[in-house]
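The values are calculated or read from the model by the stated rules, or taken from the named source; none is laboratory data. Just so we're clear, the structure is a prediction, and the values are computed from it rather than from any experiment. Here the Cβ positions follow ideal geometry from the backbone for every residue, glycine too, while neighbour counts run over all protein chains shown.
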Amino acid sequence: MPIQIVVGTVKGAFVFTKPEAAGGEWAIKGPLFPGWKVSAVARDQAGEWVFATSSYVYGAMIHRGASLEDLSNVEAPPRYDESQGFKLNEVWTLHRDGERMFAGVDEAGLFVSEDRGASWQEVRGLTDHETRPKWFPGFGGLCAHHLLTRGDEIWCAISAVGVMHSGDGGKTWTGRNAGVKVLIEDEKHKDIGTCVHALVADPDDPERIWRQDHAGMYRTHDGGRQWDLIQDGLPSTFGFPLVRDHGAKALFSAPLDSDQFRYPTNGELAIFRSTDDGDSWQACTNGLPMDSYHAVLRQAMAVDGAGGVYFGNAGGEVFASGDLGDTWQRLPGSLPRVLCVEAFETTAPGA
Amino acid sequence: MVAIRIELPAVLTVALRREHVDVQAETLAGALSAAYDACPGLAPALLDESGAFREHVLCLLETADGTLNSRWLDSLERPLVAGERIVIMQAVSGG
């Protein structure tokens, strides 16, 4: 399967093309959007590319196009109304749900596009939630960074708030964080104050969801009404990305020593894999360097559904495995700090 | 009406895929408004949610008497003179 890996960094995006022949060399091209943070990338239902970029100076933009060589900014990117008093600093995630596309943003909120990313409407039910005045930012900002959808149900992961759930397409929301360690307890609202870092669901059983939190790895069997710790074999409770190869039923995480130090435990870069739905975890290190003190950030790991696992770190290194993490190779290039990694078939999803 | 060019900085050129915007206007405000209409995405890049220039955006007017920073003006309704040029820059502090 021809695969392209898009790596978003703080200074542009880079595209790796997987060699079709065994032993072939990976090709790298870029940067796309030099000088811009590239924080999320997706393809819409028609296969068009959608990129989220941001700048400390110029704010957030959305670009789309049929090819990587022809990406244009959209006229109406996500933007808060002035009356709300929020700033839209960055788009953290782009989530495709059929013909709709959602954008989770910093400051935390949710936008939806019904026209393939050309224009965006705020999901006011979330930003108008009664707990919103009590939301506070994590170290990476106050950001909505992972989304799951099923019909009218939406799960939205916000740091440092927790998982918010809507059963009516975003009109009303409730926190779904029972069982998860609260970091800073609110005086009144007991369903916020957790710090979710990543969220992934089982497409065959969407009520079964895994979450990497600031203080633990969790799983739910009931859509988040109750969460249970699952960290047997993990070297720490802290880490950012969590992805799943749904065909192989394999989960992958990248634990860090602690929220104090934020680097691989003992400098031993390791991806941890679970093939029993999170009951146990094993280190995958074959081909990964020792003496590595760079974190793997929240969106910086991806799978391709055919055994491929890919991640980049804050030191600008990108690694690939073609065998579900058994062995790894470092891809060419020394990039800026890696923010996001996504894997795509080179053919369009609808093609 | 005066023909005037708005020069964009390199980073913005990358995102908007153009180096400048040429408009006809009578005032600085009019030129900027015309540029926002002519270049989709320029307004949200330069203006914050309140409609003011973002904190690190500089709008300079190059005149026969020197460079005028828009922040020195009480109003952007400053009349334009033929031969002037608007330059957008990013005021990034630090090393």
message: Looking only at the stretch A:105-135, count every residue that is surrounded by fewer than 15 Cβ atoms within 10 Å (Cβ to Cβ) and more than 25 Å from A:HIS63 (Cα to Cα) and tell me the total.
response: 3
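Name the single residue, out of those in the stretch B:21-46 being part of a strand (DSSP E or B) and over 10 Å from the mean Cα position of the chain (by Cα), that is farthest from the other protein chains (Cβ to nearest Cβ).
B:THR27
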- prompt: What is the number of the single condition among (1) at pLDDT 95 or above; (2) within 24 Å of B:ILE88 (Cα to Cα) that A:GLY65 does not meet?
  reply: (2)
Matching option when the condition is out of contact with any Gly (no Cβ under 8 Å at 6 or more places or on another chain) and closer than 20 Å to B:MET1 by Cα, among B:LEU73, B:LEU60, B:LEU46: B:LEU60
statement: How many residues of the stretch B:58-78 are in contact with a strand residue (DSSP E or B) (Cβ under 8 Å, 6 or more places away or on another chain) and surrounded by 14 or more Cβ atoms within 10 Å (Cβ to Cβ)? The answer is 9
- prompt: What number goes with the only condition from (1) buried (at least 18 other Cβ atoms within 10 Å of the Cβ); (2) under 30 Å from A:GLY175 (Cα atoms); (3) modelled with pLDDT of 95 or more; (4) not aliphatic (A, V, I, L, M) that A:ASP257 does not pass?
  reply: (3)
task: Scan (1) at pLDDT below 95; (2) surrounded by 14 or more Cβ atoms within 10 Å (Cβ to Cβ) for the single condition B:ALA43 breaks and write down its number.
output: (1)
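Let's see how each residue does on (1) in a strand (DSSP E or B); (2) surrounded by fewer than 24 Cβ atoms within 10 Å (Cβ to Cβ); (3) at the interface with chain B (Cβ under 9 Å from one of its Cβ atoms):
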| site | (1), (2), (3) |
| --- | --- |
| A:ALA42 | yes, yes, no |
| A:GLN45 | no, yes, no |
| A:THR53 | yes, no, yes |
| A:MET61 | yes, yes, yes |
| A:ARG64 | yes, yes, no |
| A:ARG79 | no, yes, yes |
| A:ARG96 | yes, yes, no |
| A:ALA103 | yes, no, no |
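Taking the stretch A:321-332, which residues are part of a loop (DSSP other than H, G, I, E, B), surrounded by 15 or more Cβ atoms within 10 Å (Cβ to Cβ) and in contact with a Phe, Trp or Tyr (Cβ under 8 Å, 6 or more places away or on another chain)? So that I can check it myself, show each step before the final result.
Going through the stretch A:321-332, the residues part of a loop (DSSP other than H, G, I, E, B) turn out to be A:322-328, A:331-332.
Restricting the remaining residues to those that are surrounded by 15 or more Cβ atoms within 10 Å (Cβ to Cβ) gives A:322, A:324-325, A:328, A:331.
Residues satisfying the conditions are A:GLY325, A:TRP328, A:LEU331.
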field: Pairs with Cβ under 6 Å, 6+ apart, first in the stretch A:182-199 and touching a residue at least 40 places away in the same chain (Cβ under 8 Å) and over 15 Å from A:ARG298 (Cβ atoms), second small (Gly, Ala, Ser) and outside any loop (DSSP other than H, G, I, E, B)
entry: A:ASP191/A:GLY175; A:ILE192/A:GLY162; A:ILE192/A:GLY175
query: Inside the stretch A:28-40, can you point out the residues that are under 23 Å from A:ASP97 (Cβ atoms) and either within 12 Å of another protein chain (Cβ to nearest Cβ) or hydrophobic (A, V, I, L, M, F, W, C) (or both)?
result: A:VAL38, A:ALA40
message: Here is a list: B:GLU62, B:GLU49, B:GLU55. Which entry is within 13 Å of the chain's Cα centre (by Cα) and either part of a strand (DSSP E or B) or within 14 Å of chain A (Cβ to nearest Cβ) (or both)?
response: B:GLU62
- request: Could you grab me the full set of residues in the stretch B:65-94 that are part of a strand (DSSP E or B) and either within 14 Å of chain A (Cβ to nearest Cβ) or under 24 Å from B:THR13 (Cα atoms) (or both)?
  value: B:THR67, B:LEU68, B:ASN69, B:ARG85, B:ILE86, B:VAL87, B:ILE88, B:MET89, B:GLN90
- prompt: Is it the case that A:THR172 is among the hydroxyl-bearing types (Ser, Thr, Tyr) and either outside any loop (DSSP other than H, G, I, E, B) or buried (at least 21 other Cβ atoms within 10 Å of the Cβ) (or both)?
  reply: no
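Determine, yes or no, whether B:VAL81 is among the β-branched types (Val, Ile, Thr), over 14 Å from the mean Cα position of the chain (by Cα) and surrounded by fewer than 15 Cβ atoms within 10 Å (Cβ to Cβ).
When the stated conditions are applied, B:VAL81 passes them.
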